[in-house]
């Protein structure tokens with residue numbers, strides 16, 4: 001039996017009130033008689049009679065139309081308050097811009113449901129603010145035997161891979177290189193997925209800071225010309241090297257680190273750290289680079305290599321210039337005060353300061369002595385040459401880029 005009285009029964013009772021009111025001595029007797037005839041309670045019939053008098057203006061009170069309007073406004077206010085509470089709770093993940101992952105949305109609906117909010121209300125608020133979700137989706141999610149979405153599983157796998165690189169050199173990557181690194185690890189992942197998951201984990205990679213000038217140009221105006229002319233490409237390894245040095249702060253004073261880089265693969269072929277800026281600071285990594293290339297079985301052929309640097313006094317010194325002459329290496333010096341003339345080296349030094357010195361990935365804690373800087377630099381150079389992905393090299397490492405060059409030449413040399 002329906003709990004709500006049919007509207008036709010009420011209309012019938014109201015007509016009886018109007019037609020037979022004069023037949024009864026009081027409204028109470030009228031209501032009792034009509035209630036028996038239409039099959040409702042006496043009090044119900046009495047309320048109907050009183051409300052009919054109010055609607056007709058014969059008795060003071062709130063009319064039915066006014067009551068309906070008040071009821072509607074109260075429901076609207078209740079709905080707005082509930083929406084506002086739900087929206088305040090959802091601000092944490094709605095403001096990120098991208099759609100939150102489904103587990104986070106379902107957990108939020110769970111929390112709202114525990115707070116007394118209806119599932120439909122929560123889903124409606126989320127949908128109105130750019131995060132569409134249906135109530136049936138939530139109820140399907142709550143089923144014990146529901147199948148797990150493929151995106152949920154993939155997000156979990158990628159998230160785990162991202163967490164594992166925290167504290168590792170690969171944790172320095174931004175979105176673009178992290179995507180290429182994950183693909184090299186066998187994960188079929190899109191850039192937008194990596195961007196979303198890294199943002200959820202608070203991973204942003206590292207960014208370079210402002211570079212400071214470390215080299216002082218020689219006052220002697222006589223120096224070698226610029227052989228590169230800002231063209232930092234090379235047809236093969238061991239044809240063009242660039243060099244520069246930078247400084248690091250330690251507890252015992254400044255430590256200077258000099259590098260020599262092969263332009264072809266941007267590989268660091270030599271480096272050296274010292275507590276002073278004498279000529280040995282830049283001469284030692286050159287000697288190490290020549291020795292290491294010979295040890296690898298790819299020695300420098302006389303007259304085929306150029307060495308480019310800025311106009312610092314170390315690189316224009318007589319001792320350094322004589323060593324280049326003895327090794328039959330062509331010197332190349334950029335213009336004074338122009339960082340673009342040695343832009344490749346400036347870029348690599350910027351990476352060194354950002355990825356190695358400014359983080360605790362390669363050295364835990366502050367740099368106390370020269371030995372601390374050497375330890376961190378050795379780890380960074382090894383990672384840089386053998387495992388770090390380079391966008392300018394097609395997301396390959398410098399060692400891989402060089403190996404590809406020699407592998408391509410091998411068939412030609414064997415035929416010859």
Debye equation applied to the C-alpha atoms of segment 19-64, log10 I(q)/I(0) at 0.23, 0.28 Å⁻¹:
-0.80, -1.02
Say we join alpha carbon atoms closer than 10 Å with springs in a Gaussian network model of the chain; which of 118, 75, 404 then has the biggest fluctuation?
75
The alpha-carbon center of segment 156-206 and that of segment 64-132 are separated, in whole Å, by 33
Going by C-beta contacts inside 10 Å, put 322, 400 in order with the fewest on the left.
322, 400
From the gyration tensor of the Cα coordinates in segment 237-321, what semi-axes in whole Å does the equivalent ellipsoid have, largest first, with each one equal to sqrt(5λ)?
23, 14, 11
Of all DSSP beta bridges in the chain, what percent run antiparallel (nearest 5)?
75
Where in segment 40-60 does the amide nitrogen come within less than 16 Å of the point 7 Å from the Cα of residue 69, taken along Cα to Cβ?
55-57
The chain, helix-only ellipticity at 222 nm - DSSP H runs n ≥ 4, -39,500 (n - 2.57), divided by all residues, nearest 500:
-16000 deg cm²/dmol
Taking the Cα atoms only, what angle lies between the long axis of helix 64-94 and the longest principal axis of the chain, rounded to 10 degrees?
20
Rounded to 10°, Cα long-axis angle of helix 175-184 versus longest principal axis of the chain:
80
Relative packing of 148-157, 99-108, 279-288, which averages over residues the other C-beta atoms within 10 Å, highest first:
279-288, 99-108, 148-157
Taking every alpha carbon pair in segment 67-142 and sorting the distances into 5 angstrom bins from 0 up to the bin holding the longest one, the percent per bin comes out as 3, 15, 28, 23, 14, 8, 5, 3, 1
With angles folded into 0 to 90 degrees, how steeply does helix 7-20 sit against the dominant principal axis of the chain? Use alpha carbons for both and round to 10.
30
For the peptides 350-361, 77-88, what is the packing order when you average, over each peptide's residues, the other Cβ atoms within 10 Å and list the highest mean first?
350-361, 77-88
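Any read-out appearing in this document is the output of simple, stated calculations on the displayed coordinates, not a laboratory observation. All values derive from a computational prediction rather than experimental measurement. Quick reminder, even Gly has a Cβ in these numbers, built from the backbone with ideal geometry, and neighbours come from all protein chains shown.
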